[in-house]
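Read-outs throughout are calculated quantities, based only on the coordinates presented, and are distinct from any laboratory measurement. Owing to the predicted nature of the structure, the values given are computational and were not obtained by experimental measurement. Cβ placement follows ideal geometry from the backbone for every residue including glycine, while neighbour counts extend to all protein chains displayed.
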Amino acid sequence: MPSSVRTTTLPCGEAIPVLGQGTWKMGEDSRRRADEVRALKLGLDLGVTLIDTAEMYADGGAEVLVAEAIAWRRDETFLVSKVLPSNASRAGVRRACENSLKRLRTDRIDLYLLHWPGSVPLTETVEAFEALKQAGKIRHWGVSNFDTDEMQELVLLSDGDKVQTNQVLYNLVRRGPEFDLSPWMRKRGIPLMAYSPVEQGALAHNARLAEVAARHGASAAQIALAWVMRQDDVIAIPKAGSQEHVRQNVAALDIRLTHQDIADLDRASPQPTRKRGLEMI
Ligand code: NAP
């Protein structure tokens, strides 16, 4: 892995890059497909080896596209996928995982997440994840869109403390997790995976970010990413459908925000001073 990509450590002790590649909306438009595959491949070339996908994306089409991008490069990739809450029963998880493995054309998923909390008792989903681990179908598991109380409940379950991450909506204009979720996760050594770090592209047009960006000769989107990754234990997983965006996102790893930058961004978008329910996109 090129030295430019910093890593953070999962509770299991494994190091993973703090910058990954998202894939939501990939595989939906055949006219963009070749660009999307090329973008993911370039990301791998540049050391962004964590790829985030889900059975939900493009109804499995994103996983098929990921398979194409990582063909012959499976061992250098850290593959994250997600099971829908409607498939979170014991048999459902097993089936969903088999289907994801087929689409991804691999024998294992590195990190398998429950996409959001649902109605299946969590104990059952955790048991199913642990069984998949035993069978070698997944290496680790985690959750997504879990608020603090849900994380607290999870870690009290049998094997619940094996959770490796919680993937949540977190960016400059979605700072809710900073109130109690990220401090709680930090105390337990569980890295936070920040999805929609560019607010689905909107932060590329944010005026305050553009002001800070001008000081660094960078773009607003790059500052949005540097802001998320200013914390050692936060992983940003922007989705980039073009090689140019991938290059820019990798370059964001080299941006060091100053105290002045951080203070200006805090004024524009203050830290939360009270609990807000976790937002989801
Ligand atoms: P995002 O990464 O915040 O934004 C993606 C948008 O930003 C795309 O339109 C992309 O354009 C644009 N972009 C990327 N890099 C850019 C750059 N350097 N300059 C300007 N624009 C740039 O939003 P997201 O896709 O919602 O979130 C990222 C990933 O998180 C998803 O793809 C998915 O893997 C994951 N996610 C998970 C959940 C969950 O519930 N667990 C929910 C949402 C997302 P181009 O495509 O044209 O490059």
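For the reader, a short list of remarks on this structure follows.
- Remark: spin-label model distance Glu14-Phe179 equals 3.4 nm, labels positioned 7 Å along the Cα→Cβ axis.
- Calculated [θ] (222 nm, deg cm²/dmol) that DSSP helices of n ≥ 4 give over the chain, each run adding -39,500 (n - 2.57): -11000 deg cm²/dmol
- With the largest listed first and rounded to whole Å, the semi-axes of the equivalent ellipsoid of region 109-152 from the Cα gyration tensor are 19, 11, 8.
- Each Lys or Arg adds one and each Asp or Glu takes one away; over the other residues whose Cβ falls under 14 Å from the Cβ of His205, this sums to -1.
- Extension gain, Ile262 to Ser158, is 33.4 nm, computed as 0.36 nm per intervening residue step minus the present C-alpha separation.
- Considering only the chain, percent of DSSP beta bridges that pair antiparallel, nearest 5: 15
- Listed by chain and number, the lysines whose alpha-carbon sits under 25 Å from that of Lys275, ignoring those within fewer than 8 places in the same chain, are Lys187.
- Prolate/oblate/rounded call for the chain, Cα gyration tensor, a/c under 1.5 rounded: oblate
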